[in-house]
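FYI, it's all coordinate maths here, none of it is from the lab. Computed from a predicted structure; not experimentally measured. Using ideal geometry, Cβ is built from the backbone for each residue, glycine included, and neighbour counts are taken over all protein chains shown.
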Ligand SMILES: Cc1ncc(COP(=O)(O)O)c(C=O)c1O
C-alpha cells in the first residue's frame, strides 16, 4: 500500500463515490427554535412509554441482545391490523423497511416513484445501483392509475398521504393501482394515522401490495426509530432475509409496544393535531394562499406576498423571514410543483401562534419586489 497514492474511491463499488447522500431536514442545535420542519409530533409519547423504557433499562437486561424478530411487536401489530404476525416485519424506522424493499426488489428493471414524493426513494435505489423512473404529478396531484400501472418497473413507491403535499389518495384508487400494476406496489403510509382512509387492510386481497408505517409521527417516537411493513407472508419472508439481524433495539421494541397499547392517549393526540391542522389550513386559505387538503400532520401552502406575488421568490422570502425568527419550516426548491410552497409541520397551539405572529410581520419591506 502506497500512502501517497492510496485512494479508497478506486476500491469502492464504482457507483458509490458519485452518490449524493440523503439530506434530512435540519435538526438545529440549541434551544429557542420552533421546529416545524420534519413532521415530528409536537406532543410527547404516552407516559406508559417512559415507564416501559425504564423497566427495559433496569438491572442487566441491556446486556442481552434484543429479540431479532421483534416478535411481540409483530404479534401486537398483527392484532392491530387484523392480520397475522407473519404479515409484519419491524424495522429501524420505516426508512429501514423501505431500504429492505429496495434491496429485495430493485433489479435490472427500474424502480419507480412519483414526483413529488419522499426524496429518500431515489437515494436508496441509487445505493443499490438501480435505475429510477419518476412519474410526475401535475398541479392537481391526482393519481393517474393507468399511467402509473404501465411504468416499466419491478417496484413502485407511492406515498399516501403524499409528502410534501399532504394529499391522500382514495383507497379505491390505490386498490385499482395494485390490481393493474404487475410489480410490487409499496404504499408508504408514514402519515396514514392522520388520514381518513388507508390501504393496510387490503394487503390480504392483493399479493403485490405492501404497506409501510412509522412510529415516528403519530406515536411521537421519531427518536427511537421504529417502523414496519405489512405484506403477504412470502414478501415478509423475503425482506426478513436481507434485514440486519438485530435491527430494532430492546428499548425501541419495549417503547413501541407501550405506545401501541395506550390507544386512548394515541387517539387524543391525533385528535388535537387534526384539529390544529384543520384550523391552520383554513387560516392559510383565508389569507388567499393556495393550500392542498392535508391528510397528514403538515400543511403544504403557497404564500402570497402583500402585493399579490407568489412563487419561489416569495416562498424563499417567507422561509428566510421565519428562519431569522427561529421558526423552521421546509422549502423544496428543486421541483416546479413545490418551489412556490412551504411545508409546515403541525405544531402545538403555542408553536402555531408563534408561526402566525411571524407571518404577520412578513411585511412588504421584506418581500421580493
Ligand atoms: C413519506 C415518509 N416516509 C417515511 C419516513 C420515515 O419515517 P421513519 O422515521 O419511520 O423512518 C418519512 C419521514 O419523514 C416520510 O416523510
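Highest GNM mean-square fluctuation, the chain, Cα pairs closer than 10 Å: which of 61, 310, 267? Its mean-square fluctuation being the largest, the pick is 61.
Take every DSSP beta bridge with both residues inside the stretch 47-261 and express the antiparallel ones as a percent of the total, to the nearest 5.
Details: 8 of 25 bridges.
The antiparallel proportion sits near 30 percent.
Computed over the stretch 163-215, the P(r) curve from all C-alpha pair distances, binned at 10 Å from the origin, holds 25, 58, 17, 0 percent per bin. One chain, two ends: residue 326 and residue 50. Fully extended at 0.36 nm per residue, the span grows by 96.4 nm beyond their Cα-Cα distance.
What list do you get for 105, 215, 332 if you sort them by fewest beta carbons within 10 Å?
Working: 105 22, 215 27, 332 18.
Fewest to most other Cβ atoms nearby, the residues stand as 332, 105, 215.
From the square roots a ≥ b ≥ c of the eigenvalues of the alpha-carbon gyration tensor of the stretch 110-164, which class results: rounded (a/c under 1.5), prolate (a/b over b/c), or oblate? Note, shape of the stretch 110-164 comes out oblate.
In plain terms, the chain from residue 240 to residue 20 could stretch by 76.5 nm, reckoned as 0.36 nm per residue minus the Cα-Cα distance.
If I build a Gaussian network model for the chain, linking alpha-carbon pairs within less than 10 angstrom, which residue out of 282, 38, 291 has the largest mean-square fluctuation? Looking only at 282, 38, 291, the largest GNM fluctuation is found for 282.
Can you give the FRET efficiency for residue 61 and residue 290, using 1/(1 + (r/R0)^6), R0 = 35 Å, r = Cβ-Cβ distance, to the nearest 0.05? Working shown, then result.
Details: r = 52 Å, r/R0 = 1.49.
Calculated value: 0.10.
Tell me the mean residue ellipticity at 222 nm calculated for the chain from its helices only (DSSP H runs of n ≥ 4, each -39500 (n - 2.57), averaged over every residue, nearest 500).
On the way: 12 runs with 133 residues, N = 369.
Result for the chain: -11000 deg cm²/dmol, rounded to the nearest 500.
Each residue in 102, 248 was given a count of other beta-carbon atoms within 10 angstrom of its own, and listing them fewest first yields 102, 248. Hydrodynamic analysis of the chain uses the Kirkwood radius over alpha carbon pairs. Inserted into Stokes-Einstein at 25 °C and 0.890 mPa s, it gives a translational diffusion coefficient of 112 µm²/s.
Looking at the stretch 47-261, I'd like the Rg to Rh ratio, where Rg is from alpha-carbon atoms and Rh is Kirkwood's inverse mean 1/r. Don't jump to the answer; show the numbers that get you there.
Details: Rg = 17.1 Å, Rh = 17.5 Å.
Dividing the radius of gyration by the Kirkwood radius yields 0.98.
If each residue's Cβ is checked for other Cβ atoms within 10 Å, how do 1, 352 rank with the fewest at the top? Walk me through the intermediate numbers first.
Details: 1 4, 352 22.
Listing 1, 352 from fewest to most nearby Cβ atoms yields 1, 352.
Let's test the formula: R0 of 45 Å, r as the Cβ-Cβ distance of residue 2 and residue 138. What FRET efficiency results, to the nearest 0.05? After rounding to 0.05, the efficiency reads 0.25.
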